[in-house]
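Structure, as structure tokens:
Read-outs throughout are calculated quantities, based only on the coordinates presented, and are distinct from any laboratory measurement. Worth saying up front: this structure is predicted, and the values here are computed from it rather than measured. Because the Cβ atoms are built from the backbone with ideal geometry, glycine has one as well, and the counts that use them run over all protein chains shown.
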Amino acid sequence: MSFDLPYRIGHGFDLHRLEQGYDLIVGGCKLEHDKGCVAHSDGDVVLHSVTDAILGALGMDDIGQLFPDNDPKWKGADSVIFVEEAVKRMQQVGYEVGNMDITVILQRPKLSPHKQAMKEKIAKLLQCDLSRVNIKGKTHEKVDAIGEGRAIGCHVVTLLIKK
Ligand SMILES: [Zn+2]
């Protein structure tokens, strides 16, 4: 595989079911809520989508291929390790994050009080300036699984720039 393009764009999407008895970890932050993500790892939809956006931009195997959810090694894993691996692979082929736009879709709780902390965590993981990371929160207008509070989703678009 050759990595000579000056720019590469990637998209990541993830969704997790929300149920009682689990923690709600979003963008590396624990949110107070009566439900949390049902997942093999810590179920952080934001960090999973970030990982897939980077790997997708590079045309590499996705998060599910790199970290299979039937592998006991990743049970309850801190999703930070998935982003770190994607960043390592990105750097190995000479790219950095140009910018990243993250859209989190959840009905409750409100994302706004946590946005800044999430941004800081993600920028640190990506080893880039804070100004290159954007996070938006949206509800799902009370319809479908996300709107009914049974799931949380996230979309990420990122541009990688050849160093
Ligand atoms: Zn996930």
Lys/Arg +1, Asp/Glu -1 at C-beta; region 1-66 dipole; positive extreme among Thr51, Gly21, Leu66: Thr51
Relative contact order as a percentage, region 1-94, C-alpha pairs under 8 Å and 6+ apart, gives 29
As a test of the formula, what do you get for the chain when each DSSP H run with n ≥ 4 contributes -39,500 (n - 2.57) and the sum is divided by the residue count, at 222 nm and rounded to the nearest 500 deg cm²/dmol? -8000 deg cm²/dmol
Given 12 as the ceiling on other Cβ atoms within 10 Å, longest exposed-site-free region of the chain for GluC sites (Glu not before Pro) in DSSP loops: 33-140
Which lysines does Lys119 reach when only Cα atoms under 21 Å apart count, and residues fewer than 8 places away in its own chain are ignored? Lys30, Lys88, Lys110, Lys136, Lys138
Charge dipole (debye, nearest 20) of region 93-163; +1 at Cβ of Lys and Arg, -1 at Cβ of Asp and Glu: 160
Wrap a convex hull around the Cα atoms of the chain, take a quarter of its surface area, and give that in square nanometres. 9.1
Only four residue types carry charge here, +1 at the Cβ of Lys and Arg and -1 at the Cβ of Asp and Glu. Report the dipole size of region 7-162 about the Cα centre in Debye, rounded to the nearest 20. 420
